[in-house]
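One structure is given below, encoded as structure tokens.
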Amino acid sequence: MTSLRRRDFLQRSAALGAGAAWLASGRASARPQRRAPSPGEKLNLGVVGVAHRGADNLDGVRSENIVALCDVDETYLHKAGEAFPAATLYTDYRKLLDRDDLDALVVSTPDHTHAVITMAALKAGLHVYCEKPLARTVAECRAVTDAARKRKRVTQLGTQIHAGSNYRRVVERVKSGVLGPLREVHVWLEGTKVAGPRPPALAPPPPTLHYDEWLGPVEYRPYSPEYLPASWRGWWAFGNGMLGDFGCHYMDLPFWALDLRYPTRVTAEGPPVDPESAPEWLIVRYEFPARGAQPPVTLTWYHGGKVPAYVTERNLRAAWPNGVLFVGEKGELIANYDAHRLLPETAFEGVPAPAPTLPDSVGHHREWIEACKSGGRATCDFEYSGPLSEAVLLGNVAYRAGVPLEWDAERLHARNTAAAEPFLRSRYRKGWRL
């Protein structure tokens with residue numbers, strides 16, 4: 001951003017009333033909850049994080065009144081502000097939350113700031129849409145889930161593919177019993193997210209980036225362009241690697257179809273643990289207990305070139321580089337975001353699809369917006385997606401701890417080892433807390 005554009009940006013913010021906000025205390029003050037808008041009214045929305053995934057989420061809620069935009073990078077913020085000229089602009093979400101006219105908040109920041117922003121919004125009485133995973137650590141996920149339930153706020157996790165028709169048809173197929181009892185599920189992705197050693201401090205952050213606000217609760221470390229905007233997921237300080245990036249999308253399907261919630265045992269294998277960076281490949285086995293008449297099930301995750309033996313033995317890898325495989329007593333079902341197939345195909349030839357029981361979604365963002373107005377629930381609210389996020393993150397905890405976890409979900413504790421404790425909870429730098 002040139003100095004002239006920067007000056008124009010700051011002048012525009014002040015003209016819109018941001019001047020007081022930039023000097024505010026930064027605490028989301030307690031305030032009476034606003035009257036819920038009627039279905040015919042628009043929500044007053046704040047959006048934190050306006051580029052990349054944030055730009056997609058901003059587009060998904062643009063039907064409402066976008067009254068406040070926040071981003072730590074003024075270049076991105078200025079560009080979004082041009083598209084929403086009535087919005088007040090902020091670089092610190094805490095100052096945005098000092099407003100008293102918001103109904104809801106959209107959070108599209110890196111994982112390490114999900115929990116602190118979402119919790120502050122819930123305490124301020126706002127409904128929240130948050131990108132996946134719900135938080136960076138298991139304990140943060142539980143705290144945010146509990147807060148949303150206690151405060152009776154409408155929430156949605158950014159697992160956008162959950163709204164797709166294919167996932168609904170897969171869930172209906174599985175629940176119809178066509179595969180018989182299921183005790184085994186496999187989830188695999190080809191890609192990886194490796195960061196490497198902590199980079200040296202080579203240069204100060206660009207003048208348009210508010211780096212301290214980007215770090216948020218994380219212990220201070222010098223700026224590196226390797227961290228942002230795109231590569232932060234590979235470092236444990238900010239994200240959870242490939243599993244944290246895609247686990248909530250692909251494990252969502254078996255969680256939904258098999259009514260999963262908390263695993264009782266988690267085992268992981270991968271390359272030697274790096275204290276800074278997520279692994280190049282990983283295999284995680286989650287053991288879930290029986291659910292009513294459904295038997296116990298083992299869900300195995302693979303990434304970084306590792307795939308189930310079933311996929312390679314049947315030459316399915318080229319057609320299904322990423323996927324979910326349900327293994328039942330009567331056959332298998334393989335699926336990805338957009339398609340699914342019953343296997344072996346000869347055994348299921350002529351078997352009709354079950355009658356639809358899950359109506360098509362009005363849209364992932366739209367259903368959250370409508371639920372905010374009606375007091376209903378979105379399909380990926382934190383009550384559902386909080387446990388999903390916890391399970392995803394437990395795979396990395398087991399890997400980093402180096403031992404299987406005998407998991408006590410109620411107490412957020414591994415019964416058999418203390419090695420998991422440092423990876424279950426976040427340590428915040430001074431001045432930050434949930």
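Taking the numbered list (1) free of Cβ contacts under 8 Å to residues at least 40 places away in the same chain; (2) within 27 Å of ARG425 (Cα to Cα) in turn, PRO205 passes all entries but (2). The set of residues from region 331-369 being in contact with an Asp or Glu (Cβ under 7 Å, 6 or more places away or on another chain), open to solvent by less than 20 Å² (accessible area, probe 1.4 Å) and not β-branched (Val, Ile, Thr) comprises just one member, LEU343.
Quick one: how many residues across region 321-330 are surrounded by 20 or more Cβ atoms within 10 Å (Cβ to Cβ) and over 12 Å from GLU184 (Cα atoms)? Summing the residues that are surrounded by 20 or more Cβ atoms within 10 Å (Cβ to Cβ) and over 12 Å from GLU184 (Cα atoms) in region 321-330 gives 1.
Is it true that ARG31 is surrounded by fewer than 21 Cβ atoms within 10 Å (Cβ to Cβ), modelled with pLDDT of 50 or more, outside any helix (DSSP H, G or I) and not hydroxyl-bearing (Ser, Thr, Tyr)? Yes: the conditions hold for ARG31.
Every condition in (1) farther than 28 Å from GLY270 by Cβ; (2) modelled with pLDDT of 95 or more holds for ARG433 except the one numbered (2). If only residues of region 70-102 that are farther than 21 Å from LYS42 by Cβ and among the β-branched types (Val, Ile, Thr) are counted, the one that is most open to solvent (accessible area, probe 1.4 Å) is THR75. Evaluating CYS372 against the criteria (1) surrounded by 24 or more Cβ atoms within 10 Å (Cβ to Cβ); (2) closer than 21 Å to PRO289 by Cα; (3) within 22 Å of the chain's Cα centre (by Cα) leaves one unmet condition, (2).
The residue that is farthest from GLU287 (Cα to Cα), among those in region 393-422 that are open to solvent by 40 Å² or more (accessible area, probe 1.4 Å), in contact (Cβ under 8 Å) with a residue 60 or more places away in the chain and part of a loop (DSSP other than H, G, I, E, B), is GLY402.
Taking ARG153 as the residue in question, decide whether it is touching a strand residue (DSSP E or B) at 6+ places or on another chain (Cβ under 8 Å) and part of a loop (DSSP other than H, G, I, E, B). Criteria met by ARG153. TRP281 meets all of the listed conditions (1) surrounded by fewer than 17 Cβ atoms within 10 Å (Cβ to Cβ); (2) touching a His at 6+ places or on another chain (Cβ under 7 Å); (3) within 21 Å of VAL171 (Cβ to Cβ) but one, namely (3).
Quick one: GLU287 ticks every box in (1) assigned to a loop (DSSP other than H, G, I, E, B); (2) modelled with pLDDT of 95 or more; (3) open to solvent by 60 Å² or more (accessible area, probe 1.4 Å); (4) more than 26 Å from TRP235 (Cα to Cα) except a single one, so which number is it? Condition not satisfied by GLU287: (1).
In region 289-318, the residue that is farthest from MET242 (Cα to Cα) out of those that are among the small types (Gly, Ala, Ser) and under 27 Å from the mean Cα position of the chain (by Cα) is ALA290.
Touching a residue at least 60 places away in the same chain (Cβ under 8 Å), touching a strand residue (DSSP E or B) at 6+ places or on another chain (Cβ under 9 Å), more than 25 Å from PRO296 (Cβ to Cβ) and part of a helix (DSSP H, G or I): is that true of VAL144 in this structure?
Details: touching a residue at least 60 places away in the same chain (Cβ under 8 Å): yes; touching a strand residue (DSSP E or B) at 6+ places or on another chain (Cβ under 9 Å): yes; more than 25 Å from PRO296 (Cβ to Cβ): yes; part of a helix (DSSP H, G or I): yes.
Yes.
Would you be able to tell me the number of residues in region 191-214 that are closer than 27 Å to HIS303 by Cβ and crowded, with 16+ Cβ neighbours inside 10 Å?
Of all residues in region 191-214, those closer than 27 Å to HIS303 by Cβ come to 191-199, 214.
Imposing the further condition that a residue be crowded, with 16+ Cβ neighbours inside 10 Å reduces the set to 192-195, 198-199, 214.
Of the residues in region 191-214, 7 are closer than 27 Å to HIS303 by Cβ and crowded, with 16+ Cβ neighbours inside 10 Å.
The set of residues from region 375-392 being in a loop (DSSP other than H, G, I, E, B) and either of a type in the set (Lys, Arg) or open to solvent by less than 10 Å² (accessible area, probe 1.4 Å) (or both) comprises ARG377, ALA378, CYS380.
If you take the residues in region 59-69 that are open to solvent by less than 10 Å² (accessible area, probe 1.4 Å) and out of contact with any Lys or Arg (no Cβ under 8 Å at 6 or more places or on another chain), which one is nearest to PRO110 (Cα to Cα)? Per the stated criteria, the residue is LEU69. When region 218-242 is filtered for residues that are over 18 Å from THR75 (Cα atoms) and within 18 Å of the chain's Cα centre (by Cα), the ones remaining, listed by number, are SER231, TRP232, ARG233, GLY234, TRP235, TRP236, ALA237, PHE238, GLY239, ASN240, GLY241, MET242. In region 39-50, of all residues being farther than 15 Å from GLY158 by Cα and of a type in the set (A, V, I, L, M), the one that is surrounded by the fewest Cβ atoms within 10 Å (Cβ to Cβ) corresponds to LEU43.
Being under 29 Å from LYS175 (Cβ atoms), open to solvent by 10 Å² or more (accessible area, probe 1.4 Å), in contact (Cβ under 8 Å) with a residue 12 or more places away in the chain and touching a Lys or Arg at 6+ places or on another chain (Cβ under 8 Å) is a description that does not apply to THR300. Just one of the listed residues (ALA68, ALA55, ALA80, ALA86) is part of a loop (DSSP other than H, G, I, E, B) and not charged (D, E, K, R), namely ALA86.
The values are calculated or read from the model by the stated rules, or taken from the named source; none is laboratory data. As the structure is a computational prediction, the values presented were derived from the model and not from experiment. Note that each Cβ is placed from the backbone with ideal geometry, even for glycine, and that neighbours are counted across all protein chains shown. All accessible areas refer to the heavy atoms of the entire protein, side chains included, with ligands and DNA or RNA removed. Shrake-Rupley method; radii C 1.70, N 1.55, O 1.52, S 1.80 Å.
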